[in-house]
Amino acid sequence: MTEDDRDQDLVAATLASAPPPEVSPAFLARVNARIDADDQNGWFGVLDFRAWTLRLAPIAAAIAIVALLWPDNAISRTSSPTPVATVTTAADTFTPSLEDDWQQDVSGNALLEAALDGGSNVR
Amino acid sequence: MDPDRELVEAAAGGSRDAFDELVRRHQVAIVALARALMSGRGDPEDAAQEVFVRAWKSLRSFRGDSTFRTWLHRVAINVVRTSQARQGRLTKMFTGFREDAPEPPSAEAPVDQTLARRQVIERALGTLPDDLRVAVTLRDMQGLDYREIASLLDVPIGTVESRIFRARQRLKPLLAPLFRTGQ
């Protein structure tokens, strides 16, 4: 047996010889009192706001985080539950994405003509 | 064969007398376990009472995969960990300081040899990290075998052996005064 082994055994024996604690004579009575108190709470326990606060806190925190991180443009998005028939108009095909479409020197007549043409002149 | 099996079955069926007998059988061990794990922080008897209250409530879920004693130890470890975590949060909240060590002995420390010996052991255990303290307490103070401890802590047996070995190494200089007294 090495010295380490002897030391291990010494510590183990010392711990094993630790005096047992003195348990109060009322220990069992207190356990039963707590069990009875919990049983009597019953529905009051269900309505215990402290218990529910603790239980729901993680969910509330998650909702708050999602709300904070939710992108702003998603709020205005609407979705229709059923497909709606759409009428394609000139406005639908008019895509003023090109800078040239917003030329200041383009006459009003030219713009109107472009819109009425249904986007055929749109580049 | 679990010596508590019949009592557990009766208690799970609602018998408070059977449960009372289980409490009497295991209260000293559970209080001792709580004392060792809490190392002066908090009230171990209060924690031990909570252990039995929880055991009563969840007795129907005890499937008999382990002995009732081992299962009760698992409940005790969970109760103590929850209690310590809550106490740590409250301490931080109200004092801003983390309570790392138990309070030093007061000027009126007991001179009773038994109490002194217990205090030396508890303080020594209090210096250990949680994982080492739990393992060595379960083995050397509660008498659980390595397999039971591994199952209870959900770690390999080798891990249990390593933790116990390291715990005893750390405890040796702290418990040395008790070696010399030969008690």
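The values are calculated or read from the model by the stated rules, or taken from the named source; none is laboratory data. Everything numeric in this text was worked out from a predicted model, so none of it was measured. As a convention, Cβ positions derive from the backbone with ideal geometry for all residues, glycine included, and neighbour counts pool all protein chains shown.
Overview of results
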| item | result |
| --- | --- |
| Hits in segment B:32-86 (condition: within 14 Å of another protein chain (Cβ to nearest Cβ) and out of contact with any helix residue (DSSP H, G or I) (no Cβ under 8 Å at 6 or more places or on another chain)) | B:Asp43, B:Asp46, B:Thr82, B:Ala85, B:Arg86 |
| Those residues of segment A:21-40 which are in a helix (DSSP H, G or I) and surrounded by 13 or more Cβ atoms within 10 Å (Cβ to Cβ), in sequence order | A:Phe27, A:Leu28, A:Arg30, A:Val31, A:Asn32, A:Ala33, A:Arg34, A:Ile35, A:Asp38 |
| Subset tally (residues that are modelled with pLDDT of 70 or more and of a type in the set (A, V, I, L, M, F, W, C)) for segment A:19-54 | 10 |
| Criterion violated by B:Ala109 - all others in (1) at pLDDT 85 or above; (2) more than 14 Å from chain A (Cβ to nearest Cβ) satisfied | (1) |
| Segment B:132-183, subset more than 10 Å from every other protein chain (Cβ to nearest Cβ), small (Gly, Ala, Ser) and within 17 Å of A:Leu15 (Cα to Cα), residue nearest to the chain's Cα centre (by Cα) | B:Ala135 |
| Verdict on A:Ala62 being assigned to a helix (DSSP H, G or I), modelled with pLDDT of 80 or more and either out of contact with any strand residue (DSSP E or B) (no Cβ under 9 Å at 6 or more places or on another chain) or surrounded by 10 or more Cβ atoms within 10 Å (Cβ to Cβ) (or both) | yes |
